[in-house]
1. Hey, what number do you get for the chain at 222 nm if only DSSP H runs of n ≥ 4 count, each worth -39500 (n - 2.57), divided across all residues, to the nearest 500?
2. Considering the Cα positions of the range 3-240, please state its Rg to one decimal place and its Dmax as a whole number of Å.
3. Per residue, how many Å² of accessible area does the chain show with a 1.4 Å probe?
4. Dipole of the chain (Lys/Arg Cβ +1, Asp/Glu Cβ -1, origin at the Cα centre): which of 156, 296, 169 lies farthest to the positive side?
5. On a straight-distance basis, which lysines could pair with residue 86 in a cross-link, Cα separation under 19 angstrom, same-chain partners fewer than 8 positions away excluded?
6. Given a cut-off of 25 Å, name the pairs among 209/279; 147/212; 90/139 whose C-alpha atoms lie farther apart than that in the structure shown.
7. How large a share of the accessible area of the chain, in percent, is made up of carbon and sulfur atoms when the probe is 1.4 Å and the other protein chains stay in place?
Amino acid sequence: MRLILAPMQGLVDDVMRDVLTRIGGFDACVSEFVRVTHTVHGRGVWLKLVPELEYNTQTFAGVDCTVQILGSDADNMALNALEALKYGAKKIDINFGCPAPTVNRHQGGSVLLREPQRIEHIVSTVRAALPEHIPLSAKMRLGYEDKALFLDCAHAIENGGACEVTVHARTKIEGYEPPAHWVYVKRICEALHIPVIANGDVFTLDDYKAIKAESGCDSVMLGRGAVRRPDLARQIMRYEQGLDPAAMAWPEVMEWVRLFFQLCETKAGDSKYPMARLKQWLGMMKLVYPEAVVLFEAIRPLKLNHEIAHVLKAA
Ligand SMILES: Cc1cc2nc3c(=O)[nH]c(=O)nc-3n(C[C@H](O)[C@H](O)[C@H](O)COP(=O)(O)O)c2cc1C
């Protein structure tokens, strides 16, 4: 059983990966996607999006961070993957799920799910370029408009030489609308020989039990659920170990919130980044913790980081 922290552009950046993996339960995490177009990105781009590259490509807690790339030009993606290795990448993942219109207009992300043969070409080209010991994985949705090609896409990823695939159990058109269709993940699991990681709508320990039962996968990727409920992975890990999966109480959540804010300030100084990121996180935790609603309201009107730090200290 492996629990993986999902790649989430604009939400799970290096600071969020750091804090969530310190809280515990995760076996691995994945970077936000690095978009590949016509150029080969230099060191600055890789380190900006994946600062873990400078630290053995692990978070502070020692959890490996996979580098995710997104694009449609197979040869240039291969060159970029090799470039990422130069700076320390130890595992590469390819994104076939992004629904963003700009990305899809340039033939990247989920739009490729209409063309399994292009998926296979991209995966096999990147695979052929990478040294044998570097694992290559991919992440897909169930399709673009519909699910007609979900198995073809999964086979394309396997045939291209990926060592595992994560399946976000929705089409592009379905966006993030519940429900996630875990039963399709089961069909992929049954058809493929490589490990399949189930993903989509795991917000509680009970959701985890349900996705495992319905998908037949033993590995699960957690996205929004892990941000809303920062100890979700820890609860799941404890449950799997036969321990009491007791949920984190608010005072402990606050300790992590203070650390998160401090790390944001260390990263970006007295910019808008620390307060914007904190408001974003509390906005998501409001869905789980009543205390987060109160704290969010207290910091919402504040415009200065030191005022926010003061409120956090007193909370
Ligand atoms: C804000 C946001 C950003 C995302 N960015 C990425 C990304 O960079 N790469 C990727 O493969 N998936 C991305 N995803 C999809 C998630 O990794 C995940 O597949 C999806 O949120 C479903 O899982 P969940 O229900 O556990 O959140 C993103 C999702 C969200 C909500």
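The values are calculated or read from the model by the stated rules, or taken from the named source; none is laboratory data. These numbers come from a predicted model, not from an experiment. Cβ placement follows ideal geometry from the backbone for every residue including glycine, while neighbour counts extend to all protein chains displayed. Just the protein is used for accessible areas: all its heavy atoms, side chains included, with ligands, DNA and RNA removed. Shrake-Rupley method; radii C 1.70, N 1.55, O 1.52, S 1.80 Å.
1. -14000 deg cm²/dmol
2. In Å, with Rg to one decimal and Dmax whole: 16.3, 46.
3. For the chain, the per-residue accessible area is 42 Å².
4. 296
5. Those lysines meeting the cut-off are 48.
6. 209/279
7. 54
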